[in-house]
Amino acid sequence: MNTSADPVRDYLSAVEREGSALPADRRQELLADLAEHIEVTRAERPDAAIGEILAELGDPRTIAATALAEAGNGAAGASARSGAGAPTRRGKVHPLVPLLMLTLSLPFMMIFPDLPGPLFGVLFRVTGAVLLCTSVHWTAVQKTTGVLLTAILPSAVITTWNLSGAPGGTPALLANLVTLVLLACTAAWLWRVRRA
């Protein structure tokens, strides 16, 4: 940071402040890259106003947020490889917990069709949906899709089936197996797209 201009110093300080969650070496690398870019641009366009050059770089918050997003996976992997620091999971509940609760709610109801089974199955499904929605491991779209496919759709199908007065037996078993496959596939998809 060999610049003597106050706007440049202020700009780099703002990026440093906004990127304080970055690892120190990554933050210093980002600041050095920005300072070098500013110097090169000033050398190439000596008549350009410093404010114009800084505006072209973008808002310090945006730059820091982009660097944080890029470093998110790399920083987690680096700390896991080095064995130092906190565990890479940021959530209080392991991501497998809501997935198992949502998936196992239906088999529990199928295995124990009399009371406590349906009650525990519904409790599993509701608790799993709440844990999924409050988890840090998925985006809002992934959470919404997961809740729709593992909690709302199966509940709607089962309720419709029960209220329609359809006879029990093979069709109910087939519907339950299809629903179970849907639950398992959705849980597997959510597991694959989760954030560390």
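The values are calculated or read from the model by the stated rules, or taken from the named source; none is laboratory data. For clarity, every value in this text was computed on a predicted model and none was experimentally measured. Every residue, glycine among them, receives a Cβ derived from its backbone with ideal geometry; neighbour counts consider all protein chains shown. In case anyone asks, the SASA skips ligands and DNA or RNA and just uses the protein heavy atoms, side chains included. Shrake-Rupley method; radii C 1.70, N 1.55, O 1.52, S 1.80 Å.
Sorting Ile53, Ile63 on solvent-accessible area from highest to lowest, probe radius 1.4 Å, gives Ile63, Ile53. The distance between label points at Leu123 and Ser164 comes to 3.0 nm (points 7 Å beyond Cα on the Cα→Cβ vector).
FRET efficiency for Thr62 and Val130, Cβ-Cβ distance as r, R0 = 41 Å, nearest 0.05? Efficiency for this residue pair is about 0.80.
Here the extension length gained between Ala24 and Val178 equals 50.4 nm, from 0.36 nm per residue of separation less the Cα-Cα distance. With all protein chains present, calculate the accessible area of Cys133 using a 1.4 Å probe and round the result to the nearest 10 Å². For Cys133, the solvent-accessible surface is approximately 70 Å². With the convex hull drawn over the C-alpha atoms of the range 95-196, the volume per residue is 83 Å³. Using heavy atoms of the protein chains and a probe of 1.4 Å, the accessible area assigned to Glu70 is about 120 Å². Placing Arg194, Arg17 in order of accessible area, with the largest value first and a 1.4 Å probe, yields Arg17, Arg194.
For the pair Glu70 and Asp47, a Förster radius of 25 Å applied to the C-beta separation gives a FRET efficiency near 0.15, rounded to the nearest 0.05. Of the listed residues His137, His37, the order by accessible area with a 1.4 Å probe, largest first, is His37, His137. Note on Trp161: accessible area approximately 80 square angstrom, rounded to 10, probe 1.4 Å, nucleic acids and ligands left out.
Taking the range 129-166 and a reference point 7 angstrom along Cα→Cβ of Leu96, the backbone N atoms nearer than 17 Å belong to 132, 137. Placing pseudo-labels 7 Å out from each Cα toward the beta carbon at His37 and Ala140 gives an inter-label distance of 2.8 nm.
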